[in-house]
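Accompanying notes for the structure given below.
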Amino acid sequence: MKIKILLLNCFLILLNTASFAQRKVLIEQFTNSGCPPCAANTPVIASYVNNHPNNVLMLSYHTSFPYLDSMYYENPGQSDQRVAFYGVPSVPHSVEDGNVYAGASAPLVSNLNNSISTRALVAPRYAIRFLESKINGNRLNVTLEFESTDSGNTGENLVAHIVACEKTVLKSSYLASPGNNSENEYPWVVRKMLPDEHGNLLSVTAVGHKDTVQVNWTINNVKDLQELRVVAFVQNTMNKEIYQAEVSTPSNVTGIHENASHHRDLFEYRNLASEKAIRIHLRDPKRNDRIRIVDILGNELVYRNLNEGQSEYEVSTISFPMGVYIIQVWNEEKTQSERLFISK
């Protein structure tokens, strides 16, 4: 009988553990488009983040120092607030989950995989669910649910931050250069913290309590709507620890935007004989061609920046559930979207 009870308890513990979401580590990167060391470190972190979307997310705050930076002047107050919050002395400066690591980027870059992998094993203390994430005209509408999943949250000073950011900003999208370092594109640029830099207070933090937060924003300074993302995270304002982070791609970015120029001549795709992959063929490869595949809710499954001249790209679909997906290919001149049907 004792053995049976012990086995049952173990099963319940495992079941309870499995019910929690995977922790997504958040790196807040403080950078500047005129800073040479930033060009050496920030793209490395971004590449790791983009290749490990289930474990880690990123936000980039462009600072007023040491050089002029156009992206800073598009959102100066909120950048200044986060610089002051963490006491950032210079750039590039990286902050991992608020207080796991905070300092110069180079040491984190040299230990990036180990640091992120170790932190990702720590159970998140909040669950974050996007109930709505879409664009209506020039407005972003987001509704989220934040659920406390740890008894230690009770009585803590916690806020939910919701951040509209641009996953990739091209230097060429500015009439004048936004900065003079060697970067040609800037990752995960923070455009607006919603409703402001102080976040949304979570007043009741007992286990199981859910807060629903809704924010709306008139989209501003976003260079490419297809790159718009929403990152949400829960942070302890006293010790700065981040308890969980999540990301969403606004759903109607997957459709045809009324102001976009759309073409049917960018690409074609076909299912491979194995029925476990598709091959995308670009008819006229351009510099900065990008490919994305999303589901009908806007969840991003694939994102790639293609090398100049690359005309073929193969995507495994073996892990895709049965359903409808959108394949998007775009560059600075054209955009094309096509439906992909997966049947098992």
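Do we find a residue being modelled with pLDDT under 95, in a strand (DSSP E or B) and in contact with a helix residue (DSSP H, G or I) (Cβ under 7 Å, 6 or more places away or on another chain) anywhere in segment 240-254? No.
Of all residues in segment 47-75, those that are more than 15 Å from Val247 (Cα to Cα) have Cβ atoms under 6 Å from Cβ atoms of residues that are of a type outside the set (Lys, Arg) and assigned to a strand (DSSP E or B), 6 or more apart or on another chain, in Tyr61/Phe30; Tyr61/Val190; Thr63/Phe30; Asp69/His62; Met71/His62; Met71/Val189; Tyr72/His62.
Would you confirm whether any residue within segment 65-78 is closer than 13 Å to Leu26 by Cβ, not polar (S, T, N, Q) and not in a loop (DSSP other than H, G, I, E, B)? The answer is no, given that none of the residues of segment 65-78 is closer than 13 Å to Leu26 by Cβ, not polar (S, T, N, Q) and not in a loop (DSSP other than H, G, I, E, B). If you go through segment 330-344 and pick out every residue that is over 23 Å from Leu170 (Cβ atoms) and in a loop (DSSP other than H, G, I, E, B), you end up with 2. Is one or more of the residues making up segment 207-226 touching a Leu at 6+ places or on another chain (Cβ under 9 Å), under 22 Å from Arg129 (Cα atoms), of a type in the set (Lys, Arg) and part of a strand (DSSP E or B)? Checked against the condition, which is being touching a Leu at 6+ places or on another chain (Cβ under 9 Å), under 22 Å from Arg129 (Cα atoms), of a type in the set (Lys, Arg) and part of a strand (DSSP E or B), segment 207-226 yields no hits at all. Applying a threshold of 8 Å to beta carbon distances and a minimum spacing of six or more residues, or different chains, the list of pairs starting in segment 81-92 at a residue that is touching a residue at least 40 places away in the same chain (Cβ under 8 Å) and assigned to a helix (DSSP H, G or I) and ending at one that is crowded, with 18+ Cβ neighbours inside 10 Å and hydroxyl-bearing (Ser, Thr, Tyr) reads Arg82/Tyr61; Val83/Tyr61; Val83/Thr63.
Taken over segment 295-329, the criterion of being of a type in the set (Phe, Trp, Tyr) and either surrounded by fewer than 13 Cβ atoms within 10 Å (Cβ to Cβ) or in a loop (DSSP other than H, G, I, E, B) (or both) is satisfied by Phe320 alone. Looking across segment 128-145, the residues that are part of a strand (DSSP E or B), surrounded by fewer than 20 Cβ atoms within 10 Å (Cβ to Cβ) and among the polar types (S, T, N, Q) come down to Asn136, Asn141, Thr143. Checking the conditions here, which among Lys210, Lys223 is modelled with pLDDT of 85 or more, more than 17 Å from the chain's Cα centre (by Cα) and within 24 Å of Val163 (Cβ to Cβ)? Answer to the check: Lys210.
Screening Cys35 on (1) touching a Gly at 6+ places or on another chain (Cβ under 9 Å); (2) under 15 Å from Trp188 (Cα atoms) shows it passes everything except condition (2). Is one or more of the residues making up segment 164-181 within 19 Å of the chain's Cα centre (by Cα) and under 19 Å from Gln244 (Cα atoms)? Scanning segment 164-181 turns up at least one residue that is within 19 Å of the chain's Cα centre (by Cα) and under 19 Å from Gln244 (Cα atoms). Might you check whether a residue that is touching a Leu at 6+ places or on another chain (Cβ under 7 Å), more than 15 Å from Glu166 (Cβ to Cβ) and in a helix (DSSP H, G or I) occurs anywhere in segment 24-44? Looking for residues that are touching a Leu at 6+ places or on another chain (Cβ under 7 Å), more than 15 Å from Glu166 (Cβ to Cβ) and in a helix (DSSP H, G or I), one finds none in segment 24-44, hence no. Checked against the criterion of being closer than 21 Å to Tyr243 by Cβ, modelled with pLDDT of 95 or more and hydrophobic (A, V, I, L, M, F, W, C), the candidates Ala106, Ala102 yield just one match: Ala102. Among the residues of segment 48-64, those that are modelled with pLDDT under 95 and assigned to a helix (DSSP H, G or I) comprise Asn50, Asn51. Taken as a whole, the condition of being touching a strand residue (DSSP E or B) at 6+ places or on another chain (Cβ under 7 Å) and assigned to a loop (DSSP other than H, G, I, E, B) applies to Glu156. When Met193 is tested against (1) within 26 Å of Pro53 (Cα to Cα); (2) touching a strand residue (DSSP E or B) at 6+ places or on another chain (Cβ under 7 Å); (3) not in a strand (DSSP E or B), just one condition goes unmet, and that condition is (3).
Just one residue in the set Arg287, Arg283 is under 27 Å from His52 (Cβ atoms) and either out of contact with any helix residue (DSSP H, G or I) (no Cβ under 8 Å at 6 or more places or on another chain) or among the hydroxyl-bearing types (Ser, Thr, Tyr) (or both); that residue is Arg287.
The values are calculated or read from the model by the stated rules, or taken from the named source; none is laboratory data. Note that the coordinates shown come from a computational prediction; the quantities given were computed from them, not determined experimentally. FYI the Cβ positions are ideal-geometry reconstructions off the backbone, even for glycines, and counts take in every protein chain you see.
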